[in-house]
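Please read the structure below before turning to the comments.
The values are calculated or read from the model by the stated rules, or taken from the named source; none is laboratory data. The model shown is predicted, which means the values in this text are computed figures rather than measured ones. Note that we place each Cβ from the backbone using ideal geometry, even for glycine, and neighbour counts take in every protein chain shown.
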Amino acid sequence: MLKIFSTEQVRNADAYTIANEPIASTDLMERAATACYERIKAGLNKDFKRVLIYCGPGNNGGDGLAIARMLWRDGTDVVAVVDAEAEPTPDNSINLERYQKSGGITATLSEKPAITTDDLVIDAIFGSGLSIPVKGKWADIIAEINESKTIVVSIDIPSGLFADKPSDPGAGAIVKADHTLSLQFPKLAFMFAENDEFAGLWEVIDIGLHKGLIESEKSKDFMVTLDDIRLIVKPRKKFSHKGSYGHALLITGSQGKTGAAVLASRACLRSGAGLVTAHVPSGSAGILQTAVPEAMVSADIWEDAFTTLPQLDRYTAIGCGPGVGLAAKSQNALKLLIQETQVPLILDADALNILSENKTWLGFLPQGTILTPHPKEFERLAGKIVNSFDRLEVLRKFSARFRCYVVLKGANTVIATPRGDCYFNPTGNPGMATGGSGDVLTGIITGLAAQGYSQLESCLLGVYLHGLAGDIAASKSGCEALIAGDIIEKMGKAWKILHGERKHN
């Protein structure tokens, strides 16, 4: 897992590396600049006639000056724009001198060249240590950068964006980057939707901070990687049979919403569950048996709603909620399910809406229950949310209080655990913002839990697999044309990638 460190932790990691590698601070800066330079040369500066690097007076500006020197020596037309009136940090001053001695061209803020569409702009103005909004002359520079029509690359973090707290674009200027090269660690701010227009496409650049410190330093926030997921996946044994992979129960559907049951059941089967039973209103049983012949059907006594429970002791995981509706009979049946379930329980959609109307039931959820809300559903459960940073802390406390796992759906879906840890998922795309996508996720997670994956493993693997299948589907159909069924159809290719096959075709 990629740990997401706070600004203070990153600062401490820098200092620890300098003291214990040991390495001079200027050499560590050189290492970071080299990693960024190599990434820029690998593809981010193609088709540009000139590179304009805006360098602030701090160490972020020092990184920019070192990158400028490397590009200049490589034959790139570079101009480093600096603030001649500000007092630079020692490492910044050293790199300015090195750049100028190499013959590199500098320009002050007052004589800076105009940005053209033939330029690549590199933002090295302020790093993650910024604590106040950007105003004044640098705000004017940032406004000019944002108004330009050229590509912008930010070093470590877009200048003006706070890494560990909410940013207010109305209070100070923030660079709108197309690409961000985040040094060593992701920034927590990158995980949230409101910062997407600033961070753009971001990636982590390894700058070689001390591995021992990184491993020992504690974090509550993590970014999931493909390697992490591959470690979770269990290989199948030659002599296994359908009984080896569990029996999942899905309680889904109501009048007019049988589609939710069909999608969840298909996804559950594609997740690898040995047996899948869908408990649906009796009026939907025929439809489901025809649409998903691989699944067994348990018919409710009522024709149009979920009102009764089948015998539960035959199942190894239970998912409930997609399309069940909010009828009083369904609410009573859900209460009974919560009281009687002895296996992993996954609640989604209308099951969550019922819980939000009966919040005292939260305290009776079986330990380790998995909830899969979207942000509005979570707000109905947990109360008013101020901003994304606040939502994350509310989510953390909610999971700990009710001893549950919460999969908060959206871009960078976050999984919160009863221990208070949060895991951000990197897969998925805007095309998955379509009806039925959540039903598919419920089916996947239920199927994984039925197979014996732990609740945390089911969440991590399920969310990653769901997003990866969606990415494969979007690569074929485009985001606009993607429908929930496409995600299910591409799950096989996603599984192959998780098993080591790299191609997305």
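Structural remarks
- Among the candidates 303, 294, 215, the residue that is acidic (Asp, Glu) and not assigned by TED's automatic domain parsing to the domain that holds residue 323 is uniquely 215.
- Every condition in (1) of a type in the set (Ser, Thr, Tyr); (2) closer than 21 Å to residue 403 by Cα; (3) not in a helix (DSSP H, G or I) is met by residue 315 except one, and the failing one is (2).
- Single unsatisfied condition, residue 159 versus (1) out of contact with any helix residue (DSSP H, G or I) (no Cβ under 7 Å at 6 or more places or on another chain); (2) polar (S, T, N, Q); (3) under 23 Å from residue 110 (Cα atoms): (1)
- Any hit, segment 431-438, residues being crowded, with 23+ Cβ neighbours inside 10 Å, in contact with a Phe, Trp or Tyr (Cβ under 6 Å, 6 or more places away or on another chain) and over 14 Å from residue 265 (Cα atoms): no
- Of all residues in segment 135-150, those being more than 19 Å from residue 49 (Cα to Cα) and within 28 Å of the chain's Cα centre (by Cα) number 2.
- Some residue of segment 111-120 being within 17 Å of residue 203 (Cα to Cα) and crowded, with 23+ Cβ neighbours inside 10 Å: no
- Residue pairs meeting the criteria (Cβ under 6 Å; at least 6 apart or on separate chains; first over 13 Å from residue 140 (Cα atoms) and of a type in the set (S, T, N, Q), in segment 110-122; second surrounded by 12 or more Cβ atoms within 10 Å (Cβ to Cβ) and at pLDDT 90 or above): 117/150
- Considering the conditions (1) surrounded by 18 or more Cβ atoms within 10 Å (Cβ to Cβ); (2) touching a His at 6+ places or on another chain (Cβ under 9 Å), residue 451 is excluded by exactly one of them, (2).
- Subset of segment 369-384 [buried (at least 17 other Cβ atoms within 10 Å of the Cβ) and either in contact with a strand residue (DSSP E or B) (Cβ under 7 Å, 6 or more places away or on another chain) or assigned to a loop (DSSP other than H, G, I, E, B) (or both)]: 369, 370, 371, 372, 373, 374, 378
- Scanning segment 186-222 for residues that are basic (Lys, Arg), over 13 Å from residue 156 (Cβ atoms) and surrounded by 15 or more Cβ atoms within 10 Å (Cβ to Cβ) returns a single hit, 220.
- Here 35, 66, 84 are screened, and the one residue that is of a type in the set (A, V, I, L, M, F, W, C) and modelled with pLDDT under 95 is 84.
- Filter pass, residue 152 being part of a strand (DSSP E or B), surrounded by 15 or more Cβ atoms within 10 Å (Cβ to Cβ), touching a residue at least 12 places away in the same chain (Cβ under 8 Å) and touching a helix residue (DSSP H, G or I) at 6+ places or on another chain (Cβ under 8 Å): yes
- Top-ranked residue in segment 311-327 [being over 17 Å from residue 447 (Cα atoms) and hydrophobic (A, V, I, L, M, F, W, C); ranked as surrounded by the fewest Cβ atoms within 10 Å (Cβ to Cβ)]: 326
- Within the option set 330, 356, being at pLDDT 95 or above and either within 18 Å of residue 405 (Cβ to Cβ) or among the hydrophobic types (A, V, I, L, M, F, W, C) (or both) holds for one residue only, 356.
- Selected residue [assigned to a loop (DSSP other than H, G, I, E, B) and on the phi > 0 side of the Ramachandran plot] from 160, 170: 160
- Every condition in (1) out of contact with any strand residue (DSSP E or B) (no Cβ under 9 Å at 6 or more places or on another chain); (2) of a type in the set (Gly, Ala, Ser); (3) assigned to a strand (DSSP E or B) is met by residue 114 except one, and the failing one is (3).
- Residues in segment 24-55 that are surrounded by fewer than 16 Cβ atoms within 10 Å (Cβ to Cβ), small (Gly, Ala, Ser) and within 19 Å of residue 120 (Cβ to Cβ): 42, 43.
- Residue check, residue 346 in contact with a helix residue (DSSP H, G or I) (Cβ under 7 Å, 6 or more places away or on another chain) and touching a residue at least 24 places away in the same chain (Cβ under 8 Å): yes
- Segment 389-430, residues that are of a type in the set (S, T, N, Q), crowded, with 18+ Cβ neighbours inside 10 Å and over 20 Å from residue 361 (Cβ atoms): 412, 413, 417, 425, 427
- Which listed residue is crowded, with 16+ Cβ neighbours inside 10 Å and touching a Phe, Trp or Tyr at 6+ places or on another chain (Cβ under 6 Å), from 94, 142, 67: 67
- Scanning segment 182-233 for residues that are in contact with a strand residue (DSSP E or B) (Cβ under 9 Å, 6 or more places away or on another chain) and among the β-branched types (Val, Ile, Thr) yields 204, 205, 207, 214, 224, 225.
- Residue check, residue 278 more than 25 Å from the chain's Cα centre (by Cα), closer than 19 Å to residue 321 by Cβ and of a type in the set (A, V, I, L, M): yes
- Selected residue (only one of 290, 341, 308, 360 is of a type in the set (S, T, N, Q) and crowded, with 19+ Cβ neighbours inside 10 Å): 341
- Within segment 242-274, tally of residues that are free of Cβ contacts under 8 Å to residues at least 40 places away in the same chain and of a type outside the set (S, T, N, Q): 4
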